[in-house]
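Some notes on the structure that comes next.
Bear in mind these aren't lab numbers, they're just calculated from the coordinates by the rules spelled out. Please read all numbers here as calculations on a predicted model, not as lab measurements. Using ideal geometry, Cβ is built from the backbone for each residue, glycine included, and neighbour counts are taken over all protein chains shown.
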Amino acid sequence: MARTRLFPSFEKTLPDVSGKVFVITGTTSGTGFVAARTVAEHGGEAVLLNRQSNRVETMLASLKEAVPGGRFVTIECDLQSFQSVRNAVAEIKRKYDKIYCLSNNAGIMATPDEATVDGYDTQMQTNHLSHFLLTAELLPLLEAEAAASGDARIVSHSSFGRLRTPEKRLEEKYFGKNGGNLGGNEVGMMSGGSFYRYFQTKLANSVFIYGLAEKLKEKGSSVRAVCAHPGGADTNLGVHMNLGFFMNMMMRVMRPFMIQSAEDGAMGLLTGMMASDAKSGVLYGPKNNGTKGEAVAIAAESYETDRANIDLLWRTSEAATGVELLPH
């Protein structure tokens, strides 16, 4: 397990967030767990969105042990079902009239070429499409907070995988009802069909935020749209992968040089969620898109802000989810 190096000093820079509500997906482990714990430690209320499993009870017990008196609310939300997402949204709206932050943290990586119940690629629906739906449905509550306090945030978690799509563009077929027919279950060292589909979702995450920040600015909104990447964080994201004996041995040798703790990996995410100086339309993560290090602002690649990529993402995401998000 990677040793935490930078997080304790970083956390001291985060402000008090008492009275603010944070909705976070994927909190049973990794960066999402760290984010939920940190929000509570700084006085905020953490609304935890996860699919139903025994891990939820274990997570909640661990969070309450770490932050006695912390405010945690669990809501079932399976990101591989649009209906489950809509059910979670309905419950959130029954409980709250405004929220401060939506943290689109949850993600899966290099999973088999399979379809969700809605017919979409499991990675694309989990990592992007359901978060697009959450954002569209919860934006009124974020706008309500921004109107009341002058600030609210939408934060999406990308990765340096966004830079690995060979064509440097989004492809429409990955956003359609083509789950199980996109090709390739092979898993290499950041290569193969499983990873290619993952790279598309992570590019979608950053393109989404850059496009969203632009649209919010055009609207005159005070809601910030921020992106993050965790570097090589020590989480459960890739525990299911079998890279073979040789590659597994290589990873063991390289691990100390490439991997940081989940706490250190959460610094970019928490910068977007809580830091007073986090800027809309900016991605935060280890400098130079590295695997380790303090979270800093990283310049966008030209294809991440490309109008054709943003337009494709918006059109296909709205078609898939059946919602309009900040239409012109």
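Details
- Cα pair count fraction exceeding 15 Å, expressed as % - region 274-326: 63 percent
- Length gained when the stretch Arg71-Asn87 is fully extended (0.36 nm per residue, less Cα-Cα span): 3.6 nm
- Ignoring the sites themselves, the chain has its longest run without trypsin sites (Lys or Arg not before Pro) in a DSSP loop having at most 11 other Cβ atoms within 10 Å at 13-328.
- Estimated translational D of region 1-154 in µm²/s (Stokes, Kirkwood radius over Cα pairs; 25 °C; 0.890 mPa s): 152 µm²/s
- With R₀ set to 51 Å, the beta-carbon distance separating Lys177 from Lys12 gives a calculated FRET efficiency near 0.60.
- Which of Val73, Val47, Val89 has the fewest Cβ neighbours within 10 Å, and the rest in rising order: Val73, Val89, Val47
- The slack in the chain from Ala144 to Asn185, taken as 0.36 nm per residue of separation less the alpha-carbon distance, amounts to 10.4 nm.
- Note that region 7-319, at 20 °C in a medium of 1.002 mPa s, gets a Stokes-Einstein diffusion coefficient of 111 µm²/s from its Kirkwood radius over C-alpha pairs.
- If only the Cβ of Lys and Arg carry +1 and only the Cβ of Asp and Glu carry -1, the dipole of the chain around its Cα centre is close to 460 debye.
- DSSP loop GluC sites (Glu not before Pro) with at most 10 other Cβ within 10 Å excluded, longest remaining stretch of the chain: 1-166
- Local charge for Arg3 was computed over the other residues whose Cβ lies under 10 Å away, with Lys and Arg +1 and Asp and Glu -1, and equals -2.
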